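Everything on this sheet refers to the single structure shown next.
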Amino acid sequence: MFKFWGSQEEQVRPPPDVSTQSWYPPSVSSSRPGTPGSTSSNHSSSQRLSDRPQSPSHVSPAEAAGIISALKDKSVDELRKLLSDKDSYNQFFLSLDQVKIQNNLRDELRKETLQLASENLEKEPRIMELRNQCSIIRTTELAAAKEKLNELDQKKEEILKLCSPASLLRRLQESMKETEEESDNLHRQLLDREIDLSSFTHKYKKLRINYHQRALIQLAAKTT
């Protein structure tokens, strides 16, 4: 039988899917509610997106609450405009307090960086001057200072050799030998009557005291 227009048996065609052209990436667009006719396609696309590794969110609860507070007073038309109009979205994004704080921080860091770079450039002539002075000192004063240092090192080595235990013992033995020779000469003078007895006694006693003191020091040094 023929089916007339307006009959109840006429099947109603579903309205075509009128989707708003969005500039958002698929991950954002797929989160929007779809029409009944596009449920299966959205489900398959969302399933493919769920297979991709999701980056962790770094938005704190306080920041999320601030964004929600900024969105809750907007009408449906305004929210749709944010989804479809990139300029409106950017304007809203830049009006958020968190974004303003980050932009101000970025501007301050950029300003400080430029200031430090300018100060470094101003110091460059002074750096070059100091570098030239260092080169002059290295070629003139440093060479003379090294030569003087070598001389002092040699003198130090000589003094250390003279003050070494072996050197001190050797000098002590030489002094004892000289004292012994002076004692013998003094005794010979007494025998030749070149000196009187009182002078001989005084000088000879002094020489022998020195000799025995040095002998005791030598004995103590050898035993230790």
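Were the residues from ASN185 through LYS81 laid out at 0.36 nm apart, the gain over their Cα-Cα distance would be 24.7 nm.
Listed cross-link partners LYS72/LYS100; LYS155/LYS203; LYS161/LYS203; LYS156/LYS177; LYS86/LYS111; LYS74/LYS111 are compared with a 26 Å cut-off, the Cα-Cα value being larger for LYS155/LYS203; LYS161/LYS203; LYS156/LYS177; LYS86/LYS111; LYS74/LYS111.
No value in this document is a laboratory result; all are computed from the given coordinates. What you see is a predicted model; the values in this text were computed from it and never measured.
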